[in-house]
């Protein structure tokens, strides 16, 4: 099955329920109800499993402020940060050197509080929370944490190369959020092989909810598609696999690694 728009799925379900034909999901109360069922079913599918297709590579945004040179912002679309690497090259002209930055909490503060704030290679930074941070200013970052689940704070930066940590030097991997828009042309964010599953599940719910009756054939298809998705939901060897660096839920929780 090819990918389908919300209108096409709504029309398919209404046809199977022997309902009136529509040209838009807004044409009738019933068509809007079906569209809402498809939306709810979509989110139930997404929330029911940690799908690999929702994970992507991205970069964190630079704070671009000399007062907080090691603060960077996680994109709003990322809900689960898996790992961060930073280009820890030793000079501007030297080759790239991407290294995994280690997540630390709560011992991040233990590490930086032990530093001598009077030394020339330590910059005292005040976070928005009012916390004072002893940031080393002559080496690439080694650790990171977050105090608010929005900004990522690194323990150091090399001021001889950059005045602040740079977005272009980050490599990150994490889980993105999804949205569902109630419009005719909207196409759900799913791999093509999952559309049959979404349609079958939504159709099953629609029959029970709107017709107060189960459809045995639809129920059978729904169960069959659910079983198939649990076994083979990916185009490339049942999913793309990445190095297991450990995962941090957003940025404020997770193991020290």
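Bear in mind these aren't lab numbers, they're just calculated from the coordinates by the rules spelled out. Not measured: the values here are computed from a predicted model. All Cβ positions, glycine included, derive from the backbone under ideal geometry; neighbour counts span all protein chains shown.
A few comments on the model shown:
- For segment 2-79 versus segment 110-172, the inter-centroid distance based on Cα atoms is 36 Å.
- Sorted ascending by nearby beta carbons within 10 Å, beginning with the fewest, 123, 209 become 209, 123.
- Protection proxy ranking, peptides 99-109, 124-134, average beta carbon neighbours within 10 Å, highest first: 99-109, 124-134
- Segment 54-176: C-alpha gyration tensor shape, a/c 1.5 cut-off, then a/b vs b/c: oblate
- Ranked 49, 176, criterion: other C-beta atoms within 10 Å, fewest first: 49, 176
- Rel. contact order, % - alpha carbon contacts under 8 angstrom, at least six apart, segment 33-113: 14
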